[in-house]
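Working notes, beginning with the structure itself.
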Amino acid sequence: MKIYDQFFIDGEWVEPSTGDRFESPNPATGQPWASVAEGRAEDIDRAVQSAHNAFENGPWHIMPASQRSEILRRLGDLVLKHSDHLAKLETTDNGKAIRETGGVEIPAIAKWYYYFAGLAETIEGRTIPVNNDLHVHTVREPVGVCGCILPWNSPLLMAAFKLAPALAAGNTVVFKPSENTSVSILEFANLIQEAGIPPGVVNIVPGYGPVAGKALAQHPLVDKIAFTGGTETGKQIAHYAADGVKRVSLELGGKSPNIVFDDYDLEEAVVGVMSGIFVAAGQTCVAGSRLFVHDKIYDEFLDLLVKRTRQIRVDNPMDPTTQMGAQTCQSQLNKIKELVQSGIDEGADLMTGGKPPQDADPSSYFFLPTVFSGVQTNMRIAQEEIFGPVVSVFRFSEEDELVEKANGVKYGLAAGLWTRDVKRALRLSRRLKAGSVWINCYRKINWAVPFGGFKMSGYGRENGQEVLDLFTQTKSVWIDISEDYIDPYAT
Ligand code: NDP
């Protein structure tokens, strides 16, 4: 078993305040593979103090942006250099297939650091022509200490969404990863050291949400909270932020519609729909978990979807031929099982899946990709985020009714559309209440493109130039340049 019995604070590995640890199970076996020190409020306080000192006294935000940029670029290089190792850690810890982590996700993370290395040098103010007597300009300054709370589905990617812009803007950071997936981010600390990021600029303390996460979100020296996680936890975080008048950005859950019209190539759309819901074993916030298929192709589409879904290879995530790995934790597996049962009880038709694979180790967290048809919009599987490989299929024929149903959930993170009709695609992209709309593709995420939710999927945008607004604050500087002055007290 791997032991991680220290925290990364002030550029060093330090002893925790208690000897308590938690175990991280390997989802493919259900057996613990790592033991991680559990952070308490005292440890979070130490990390925040370190980030505060680094911000107030350190060189980070006062060094030339070009120097920060160079360091971020180096961090990107290190991610690429160590991507095999990081991908293996991620797959062992969260069960995502290695072909996803190693093939795509981890190497892509380097791009976040490269992109924000470039943007670091573009954080500029404006000169505002108020009148001839005054010179007014604005400066964009870092906000200070950023508390970053991460989920378990893509820990290093979610960390990059926050860390790259935070550092580019000159902030300092404290991470609280999910207790299910702390390992990769702890090992990432070694790259932070090697890249030459000064002590205290990045600090990492794993622990439980209601203890370490809460302590971080409530800490008076934390200036901004960047949170990715479930909507219920997000609401809690918003309360903490309100109490401390802290800046906050929330990337929360989703229940995204994926809509297929009858003019699109059927096979291509089936594959697009499958990867929209089954990638990462369904554990993505943007999962296309509600599928709307046009009446004219519904039966044929459903047959093909079910046939292809049954062929997905669910197996050891470390095997490069595996197409779908395991769920990350027992509680997530239980949640999926419970919601699938609710779908059956409420009268939906289970077309395939709905259970763990027959030959799976009973201690493991595998679950078969699952398709439900005959779903009514008021069923739990049509409304609640499952965060697993479960898709509910609906039939539609008329556009207004489609829009009403597609928008008829509390979430608004993403939506997909498959059609060759450009007028219809653009018209619907305006009517769908979602932070990202994908046309003839799905789940495209890029460092340069803003990402975030409408409605209860959260607020604030990550990625793109927009995210820098969340990690900077604007100062207006007024200079009187006239030779005259007015004495308001003159008698
Ligand atoms: P949770 O909301 O359970 O947890 C997210 C993080 O918050 C974890 O680090 C957790 O710690 C911590 N936390 C829990 N309670 C508190 C608290 N009271 N105060 C402070 N921190 C707390 O989400 P999951 O980890 O289960 O992730 C899955 C959810 O994340 C899904 O709903 C998914 O949609 C969403 N998500 C959203 C994304 C987006 O960009 N919109 C991207 C990825 C996921 P601990 O784990 O120790 O409990």
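Seen from every direction in turn and averaged, the convex hull around the alpha carbons of the range 257-439 projects onto 10.0 nm². Rolling a 1.4 Å probe over the protein chains gives Leu333 an accessible area of about 10 Å². The residues of the range 351-482 expose on average 47 square angstrom of accessible surface per residue, using a 1.4 Å probe on protein heavy atoms. What is the calculated FRET efficiency for Asp484 to Val136, with r their C-beta to C-beta distance and R₀ = 25 Å, to the nearest 0.05? Efficiency computed from Cβ-Cβ geometry: 0.90. Compared with the dominant Cα axis of the chain, that is its longest principal axis, helix 41-57 is turned about 50°.
Projecting the Cα atoms of Leu432, Pro320, Val306 onto the dipole axis of the range 257-439, where Lys and Arg carry +1 and Asp and Glu carry -1 at the beta carbon, places Leu432 farthest toward the positive end. Centre-to-centre separation between the Cα atoms of the range 67-143 and those of the range 426-491: 18 Å. Ignoring ligands, DNA and RNA, please state the percent of accessible area on the chain from carbon and sulfur, probe 1.4 Å. Here carbon and sulfur together make up 49 percent of the probe-accessible area.
What are the residues whose amide H is under 5 Å from the amide H of Trp438, where those residues sit 5 or more places off or on another chain and H is modelled from the backbone? Here the answer is Ala415, Gly416, Leu417, since their amide H atoms fall under 5 Å of that of Trp438. By DSSP, the beta bridges lying fully in the chain are antiparallel in about 45 percent of cases. For the range 357-473, a simple Cβ point-charge model (Lys and Arg +1, Asp and Glu -1, everything else neutral) yields a dipole of about 460 debye relative to the Cα centre.
Put simply, the Cα atoms of the range 222-358 extend 55, 36, 35 Å along their principal axes, the longest span coming first.
Our coupling estimate for the range 93-104, obtained by passing each phi through the Karplus curve with A = 6.51, B = -1.76, C = 1.60 and θ = phi - 60°, is 7, 10, x, 6, 4, 4, 5, 8, 5, x, x, 10 Hz, Gly and Pro reported as x.
Residue separation of Arg431 and Thr321 scaled by 0.36 nm, minus their Cα-Cα distance, works out to 35.6 nm of gained length. Packing, as the average of other Cβ atoms within 10 Å across residues, places the peptides 416-429, 50-63 in the order 50-63, 416-429, highest first.
The packing ranking of peptides 462-470, 440-448, highest mean first, is 462-470, 440-448, where packing means the average number of other beta carbon atoms within 10 angstrom of each residue. Our helix-only sum for the chain, with -39,500 (n - 2.57) per DSSP H run of n ≥ 4 divided by its residues, gives a mean residue ellipticity at 222 nm of -11000 deg cm²/dmol.
For the chain, the longest principal axis of the C-alpha atoms and the axis of helix 298-310 are separated by about 80°.
Measuring with a 1.4 angstrom probe and ignoring ligands and nucleic acids, Lys214 comes out at about 80 Å² accessible. Note on the range 1-74: antiparallel DSSP beta bridges, both residues inside, total approximately 75 percent of the bridges counted. Projected label points at Gln311 and Asp400, each 7 Å from Cα along the beta carbon direction, are separated by 4.1 nanometres.
Most tightly packed first, judged by the mean number of other beta-carbon atoms within 10 Å of their residues, the peptides 361-373, 29-41, 393-405 read 361-373, 29-41, 393-405. Accessible area per residue for the range 19-107 is 41 Å², calculated with a 1.4 Å probe on protein heavy atoms, without ligands, DNA or RNA. Against the criterion of solvent-accessible heavy-atom surface with a 1.4 angstrom probe, Asp484, Asp265 sort, most first, into Asp484, Asp265.
The range 343-368 and the range 15-55 have their alpha-carbon centroids 33 Å apart. With a threshold of 30 Å on the Cα-Cα distance, the over-threshold entries among Lys162/Lys355; Lys214/Lys455; Lys296/Lys433 are Lys162/Lys355. Once the convex hull of all Cα atoms in the chain is built, its volume per residue stands at 174 Å³. Compared with the alpha-carbon gap, the fully stretched path from Lys410 to Arg424 is longer by 2.6 nm at 0.36 nm per residue. The 3J(HN,Hα) values that the Karplus relation (6.51, -1.76, 1.60; θ = phi - 60°) gives for the range 265-277 are, in residue order, 4, 5, 5, 4, 5, 4, 5, x, 5, 4, 6, x, 10 Hz. Gly and Pro appear as x.
For the range 257-439, a crude dipole built from +1 on the beta carbon of Lys and Arg and -1 on the beta carbon of Asp and Glu, taken about the Cα centre, is about 520 debye to the nearest 20. In a reduced charge model with +1 at each Lys and Arg Cβ and -1 at each Asp and Glu Cβ, the chain shows a dipole moment near 740 debye about its Cα centre.
Spin-label model, Asp77/Thr29: points 7 Å from Cα along the beta carbon direction are separated by 3.7 nm.
Legend: distances between Cα atoms for Lys235/Lys405; Lys246/Lys405; Lys2/Lys224; pairs beyond 30 Å are Lys246/Lys405; Lys2/Lys224. Using θ = phi - 60° in the Karplus curve 6.51 cos²θ - 1.76 cosθ + 1.60, the 3J(HN,Hα) couplings for the range 146-155 round to 10, x, 10, 10, 10, x, 9, 6, 9, x Hz; x is entered for Gly and Pro. With R₀ set to 25 Å, the beta-carbon distance separating Trp13 from Glu56 gives a calculated FRET efficiency near 0.60. Quick one: in the range 194-269, what % of C-alpha pairs are over 15 Å apart? That fraction is 67 percent.
Contact order for the chain, expressed relative to its length and based on alpha carbon pairs under 8 Å spaced 6+ residues apart, stands at 18 percent.
The values are calculated or read from the model by the stated rules, or taken from the named source; none is laboratory data. What you are looking at is a predicted structure, and each value in this text was computed from that prediction instead of being measured. Positions of Cβ are backbone-derived with ideal geometry, glycine not excepted, and every protein chain shown enters the neighbour counts. Heads up: the accessible areas ignore ligands, DNA and RNA and are worked out on the full protein's heavy atoms, side chains in. Shrake-Rupley method; radii C 1.70, N 1.55, O 1.52, S 1.80 Å.
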